Amino acid sequence: MKFWKKGLGSLWVIVMVILLVACNNTDTEKKDETEDTSNNDTSTEAEGTTDEEEVTIVYARGVDTTGANEKLVAAFEESHPNINVEFREMPADTGQQHDQYVTAFSAQSAEIDVFDADVIWPAEFAQADYALELDRFIEKDNIDMSAYFEGAVASGKFNGKQWAMPKFTDAGMLYYRSDIVEEPPETWDELIEQASKLQGEAGTEFGYLMQAAQYEGLVCNAIEFIASFGGQIIDEENNVVADSPETVKAIKKMKEIVNSDFVPDNILNFMEVETETAFIEGKSVFARNWPYMQASAADEERSEVVGNVEITTLPKGDAGSAATLGGWMTMINRYTEHPEAAWEFVKFMTGPEGQKITATEGGSAPTLKALYDDPEVKEASPLFANPEFVKVLESAVPRPVTPIYPEISDIMQIELSKALAGEQTAEEAAKNMQTKIEQAVSE
């Protein structure tokens, strides 16, 4: 009996041990499952979404008066029935758009998935961790980035990564009176020669117009001069390189033109509006402006030069012709809960079908080179059918790609204005830009 009691007691202990081990294993498995779930961020979870699951993404952009945006979204939803796109209209003012995005993204809000961005924003938004890097999507879908204009791609690249896809583009170009000019100038020196010689022909008052007031337009003009002579402000490795012989030479050429007798006496107050008004009123032989002025010059109700205007690339310096890049990119919010769906929409918008809709319905210039051979795109605008316009876009260069672009622009505006007004030399302007931009970048 004593032996039986001992055996029963031992058996009871063995059973209890087995039960405890089983409970512990169950708890561990549950804990592991919980940890696995909590460790999945929203991106990973969303990327696991199947094609059959229906999702809604929010696309934000400025006011669209053309109706192209609605057609773009409709075409996308038709080809992607599981992805719904909700459009959020942002303020028409670019600065207000920028500030609203910063407010939302700094709070890590996921309310916006995809948004359009000015070409000067990508580096800032990348540095601030507001944007999702796109390289893995580009590689996965074998997107050929060389199919886009080089300058447009460069505007969305920062620290070796692509943060934005080029959507539509803009660039500075040279307008000239075809009833006065036989062959447009190829170099800045030829421009100076022709502007001086032809001033006064056919009732003109001026030889050349540009944007020389102290604002962003001055920076755009300056970048064109500087790049045409082989200079830069900030290079691809984020080094400040403003104080160079090339930049000094470019500023000297700008000063020569601004202080010439063939520009208006108040050229230091000229912005785009003043340039456009004077040119379409028939007051100048040449003018530097953006593509939009082509339509103004052809408007019979406003223009005195209808049928007598042609375009070409801006004059060459020692390194060739350069046009400052404008336009818009498309980006993805880093905090989106649907990165895969967001990318599908970005890929469609900035791909051939999406850009064709934007061009033919909205009049925006494509960033894909091949679309300028498309008959329907050519028919949409005389500009798109003009080989000279394609040359302009091929020569386009971005403004300094930096997270603190507004501050860099302010420095450039001040120093360049002083140089053009004769308050300092080109050498001093380049040196001051170098010192002040280096200080701003290091802060």
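The values are calculated or read from the model by the stated rules, or taken from the named source; none is laboratory data. Worth saying up front: this structure is predicted, and the values here are computed from it rather than measured. Heads up, the Cβs are rebuilt from the backbone with ideal geometry, glycines too, and the neighbour counts pull from every protein chain shown. For the accessible areas, the whole protein counts, side chains as well, though only heavy atoms, and no ligand, DNA or RNA atoms are used. Shrake-Rupley method; radii C 1.70, N 1.55, O 1.52, S 1.80 Å.
Can you tell me which residue in the range 319-340 is nearest to I120 (Cα to Cα), limited to those that are small (G, A, S) and open to solvent by 10 Å² or more (accessible area, probe 1.4 Å)?
Ranking the qualifying residues of the range 319-340, first place goes to G327.
Could you grab me the full set of residues in the range 387-441 that are without any contact (Cβ under 8 Å) to a residue 40 or more places away in the chain and either among the basic types (K, R) or touching a strand residue (DSSP E or B) at 6+ places or on another chain (Cβ under 8 Å) (or both)?
K418, K436 - these are the residues of the range 387-441 that are without any contact (Cβ under 8 Å) to a residue 40 or more places away in the chain and either among the basic types (K, R) or touching a strand residue (DSSP E or B) at 6+ places or on another chain (Cβ under 8 Å) (or both).
Does the range 311-357 hold any residues that are closer than 30 Å to V181 by Cα and of a type in the set (F, W, Y), and which are they?
The answer is none; no residue qualifies.
Out of everything in the range 120-150 that is farther than 15 Å from T330 by Cα and in a helix (DSSP H, G or I), what residue ends up being least open to solvent (accessible area, probe 1.4 Å)?
My answer is A147.
Regarding G172, is this residue within 19 Å of G354 (Cα to Cα) and within 15 Å of the chain's Cα centre (by Cα)?
no
Where in the range 225-301 are the helices (runs of 4 or more DSSP H), entirely inside, with at least 1 residues that are of a type in the set (S, T, Y) and open to solvent by 30 Å² or more (accessible area, probe 1.4 Å)?
Counting at least 1 such residues, we get 272-280.
Quick one: which residue in N259, N269, N238 is touching a residue at least 40 places away in the same chain (Cβ under 8 Å) and either among the charged types (D, E, K, R) or within 17 Å of N289 (Cα to Cα) (or both)?
Among N259, N269, N238, only N269 is touching a residue at least 40 places away in the same chain (Cβ under 8 Å) and either among the charged types (D, E, K, R) or within 17 Å of N289 (Cα to Cα) (or both).
Write out, first by first residue and then by second, each pair whose Cβ atoms fall under 7 Å of each other, whose residues are 6+ apart or on separate chains, and whose first residue, in the range 69-94, is closer than 23 Å to D118 by Cβ while the second is exposed (fewer than 13 other Cβ atoms within 10 Å of the Cβ).
E86/T56; E89/V63; A92/V63
Output the number of residues of the range 352-367 satisfying the condition of being open to solvent by 10 Å² or more (accessible area, probe 1.4 Å) and more than 19 Å from M173 (Cα to Cα).
Result for the range 352-367: 8.
Confirm whether G307 is on the phi > 0 side of the Ramachandran plot, out of contact with any Cys (no Cβ under 9 Å at 6 or more places or on another chain) and open to solvent by 20 Å² or more (accessible area, probe 1.4 Å).
yes
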